[in-house]
Amino acid sequence: MAGKLRQRLNDQENLTERPDFALVGVLRIPEAMRSPFHLIFRRVMMAVAVLFLAVFVVYLDRDGYRDAQDNPLSFLDCLYYATVSLSTTGYGDITPITPSARLINVIVITPLRVLFLIILVGTTLSVLTERSRQAFKIQRWRQSVRNHTVVVGYGTKGRTAVDAMLGDGIKPADIVVVDTDQTVLDSAASLGLVTVTGSATKSDVLRLAGVQHAASVIVAANRDDTAVLVTLTAREVNPKAKIVAAIRETDNAHLLRQSGADSVVVSSETAGRLLGIARTTPTVVEMIEDLLTPEAGFAIAEREVEHDEIGGSPRHLSDIVLAVVRDGRLVRVGSPEVDAVEESDRLLYIRRVGN
């Protein structure tokens, strides 16, 4: 009995093996914003296309049709027959026999009939259509998502990280947010982000977010122990992804690095340093905030070395270079090791952002 119960619980938690339609509500793909008139117009055009396809089929086989007077069918007769057939109206008891009567039936009566059907069953059709569309979009997204960024936790730190990425030019479709709070996920979805509902401490939830194919993972959990567990799980799912994690206490930084984090940000210490600096030199804090805000002013960026810069000193380049990334190590400008720029280096510099 206990074994069956455990197996049942395991089956319920295995999200990645569920069919796509069962993931609707757990994984949400953002919708493109369109006006109701645009949606109605598109559906009307689809209905017209189906109607004329039926007319075309009937017209090709028009010799097999006769009306009540045993006359061969004209194109208008075919249009009338297709219209009453698709609208499930039926025919035979009362039949318009003049072209004008049939034309009026097609132009006026049938649209009214369709409008009635829309009002009658529109809600049910809308729900079924939405779930089907979401299931199809989930299937297509899971097959194509690659090299994206997964943000675990959409609190203050997670939202700020997402804002920074969007300001730096990353597309919303390339960001996936994982959280257990549906309210914050609704806020993320309003920005066009893909969202996953669930605990990121479970590998199945991370796989559903596509961590196995992600280029980077940002861990912005509210608790340090949760951040460590998420980092361990993410590193197990994707050994090659760049993992950046935020914690509150410095003592836990080594645990995150041992868990597989490439970079660790201590939020409490960083805030404390800024508070201490602001006491005497508040303008320095303003400049630091400006450098960390990519939308306007100045920003810290990284780029490759240009061909005409090879062999030159990083202090004499047109950009203000802060450091050189060589063989994966950050070397500050002024060190004898980076007196000359090499072709494989990357430059950490200050760039101007347009207002």
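Can you give me the % of accessible surface on the range 202-355 that is carbon or sulfur? Probe 1.4 Å, all protein chains present, nothing else counted.
53
Can you work out the accessible area per residue across the range 229-320, with the rest of the protein chains kept in place, probe 1.4 Å, in square angstrom? Don't skip to the end; give the middle numbers.
Working: 5780 Å² over 92 residues.
Value returned for the range 229-320: 63 Å² of accessible area per residue.
Accessible surface of E236, taken over heavy atoms with a 1.4 Å probe and every protein chain present, rounds to 140 Å².
Heavy-atom accessible area for Y80, with the other protein chains in place and a 1.4 Å probe, reaches approximately 20 Å². Full extension of the chain between S187 and L292 gives 35.5 nm of extra length, using 0.36 nm per residue less the Cα-Cα distance. Here M287 sits with roughly 90 square angstrom of accessible surface, probe radius 1.4 Å. Over every Cα atom in the range 201-298, the radius of gyration and the widest Cα-Cα span, Dmax, amount to 15.9, 49 Å.
Inter-label distance, K171 to D20: 1.8 nm, where each label sits 7 Å from its Cα along the C-beta direction. Spacing of the modelled spin labels on V50 and I107, each 7 Å from Cα toward Cβ, amounts to 2.5 nm.
Lys and Arg at +1, Asp and Glu at -1: add these up for the other residues within a Cβ distance under 14 Å of Y154 and post the number. Provide the component values of the computation, followed by the final result.
Numbers: positive: R28, K157, R159; negative: D163, D179, D181, D186.
It works out to a net charge of -1.
So if I take the centroid of the Cα atoms in the range 293-349 and the same for the range 188-265, what is the distance between those two points in Å? That distance is 29 Å.
Which shape class applies to the range 129-224: rounded if a/c is under 1.5, otherwise prolate when a/b exceeds b/c and oblate if not, where a ≥ b ≥ c are the square roots of the Cα gyration tensor eigenvalues? The partial results should precede the final answer.
Working: a/c = 1.39, a/b = 1.31, b/c = 1.05.
The shape class here is rounded.
The values are calculated or read from the model by the stated rules, or taken from the named source; none is laboratory data. On a predicted model such as this, the values are computed, not experimentally measured, just so you know. Counting neighbours? That spans all protein chains shown, and the Cβs are built from the backbone with ideal geometry, glycine included. Just the protein is used for accessible areas: all its heavy atoms, side chains included, with ligands, DNA and RNA removed. Shrake-Rupley method; radii C 1.70, N 1.55, O 1.52, S 1.80 Å.
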